[in-house]
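Only one structure is covered here, and it is reproduced in the block below.
Any read-out appearing in this document is the output of simple, stated calculations on the displayed coordinates, not a laboratory observation. It should be emphasised that the depicted structure is a prediction, and the values quoted were computed from it without experimental measurement. Here Cβ is always computed from backbone atoms with ideal geometry, including for glycine, and neighbour counts include all displayed protein chains.
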Amino acid sequence: MQTVATILWRRLDRPGHDACRLERNDTAWQIDGAAAFRMEDGRVAQLHYRVRCDRHWHTQWGTVRGWVGERAIDMAIARGPRGWTLNDAPVTDLAHCADLDLGFTPATNLLPLRRLKLQDGEAAEAPAAWVDVAEGGLQLLEQRYERISATRCAYAAPRFQFSAELALSPEGLVLDYPGLWRAED
């Protein structure tokens, strides 16, 4: 794998950081990172993650390993012809989801942004298989992206009653996720 970009984010709503690297080779893209932060309930979390996509940005698999409070986290997520699995167990009602969203990092917003290739003014729904590390599960996350410019997009996740304008790097990594994460210089 060849490194394309690296980024360090600072959590804005509570203590935390996330370091991420975007890599590629002839057949795949990969994001690889580590996040350490305080959860909403006060527990401390330390999570290593990796997500692999094919060269067209279709998620193939992901891993999340580390801990939340006293609980160990070891998740292997895969997307195959029959849908998604979590630790080899099928997860129903997610077969229509093309992307994996790791709810604890802004890194995975990159996946639908790159896969959809939206032009300025275009919008698309991008439902994702969402990793909830607090509960240890994989669930549906309805999302919507609208490209404003090469460096900005509107994002909405109705489940969390969240919408914001995201600032993006030339590679598509989120630079500013209002109220939650900001890239450090």
Q. Looking at segment 40-77, which of its residues are buried (at least 18 other Cβ atoms within 10 Å of the Cβ), among the small types (Gly, Ala, Ser) and under 29 Å from LEU116 (Cβ atoms)?
A. GLY62
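Of everything in segment 121-146, what is closer than 18 Å to SER163 by Cα and not aliphatic (A, V, I, L, M)? Give them in sequence order. Walk me through how you get there before you give the answer.
Looking only at segment 121-146, we keep the residues that are closer than 18 Å to SER163 by Cα, and these are 121-128, 130, 140-146.
Answer for segment 121-146, where residues must be closer than 18 Å to SER163 by Cα and not aliphatic (A, V, I, L, M): GLY121, GLU122, GLU125, PRO127, TRP130, GLU142, GLN143, ARG144, TYR145, GLU146.
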Q: Go through segment 133-185 and give me each residue that's within 16 Å of the chain's Cα centre (by Cα), part of a strand (DSSP E or B), under 23 Å from ARG21 (Cα atoms) and charged (D, E, K, R).
A: ASP176, ARG182
**Q.** Check on LEU47, aliphatic (A, V, I, L, M) and more than 15 Å from the chain's Cα centre (by Cα)
**A.** no
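Just to verify a result, which residue in segment 10-39, among those that are of a type in the set (Lys, Arg) and surrounded by 16 or more Cβ atoms within 10 Å (Cβ to Cβ), is farthest from PRO90 (Cα to Cα)?
Going residue by residue through segment 10-39, those that are of a type in the set (Lys, Arg) are 10-11, 14, 21, 24, 38.
Narrowing further to those that are surrounded by 16 or more Cβ atoms within 10 Å (Cβ to Cβ): 11, 21.
Details: ARG11: 32, ARG21: 29 Å.
Filtering first and then ranking leaves ARG11.
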**Q.** Pair list, Cβ under 8 Å, 6 or more apart: segment 114-134 residue farther than 19 Å from ALA150 by Cα, other residue exposed (fewer than 12 other Cβ atoms within 10 Å of the Cβ)
**A.** PRO127/HIS96; ALA134/GLU40; ALA134/ASP41
Q. What tally of residues in segment 147-185 results from selecting those that are touching a Cys at 6+ places or on another chain (Cβ under 8 Å) and within 17 Å of ILE7 (Cβ to Cβ)?
A. 3
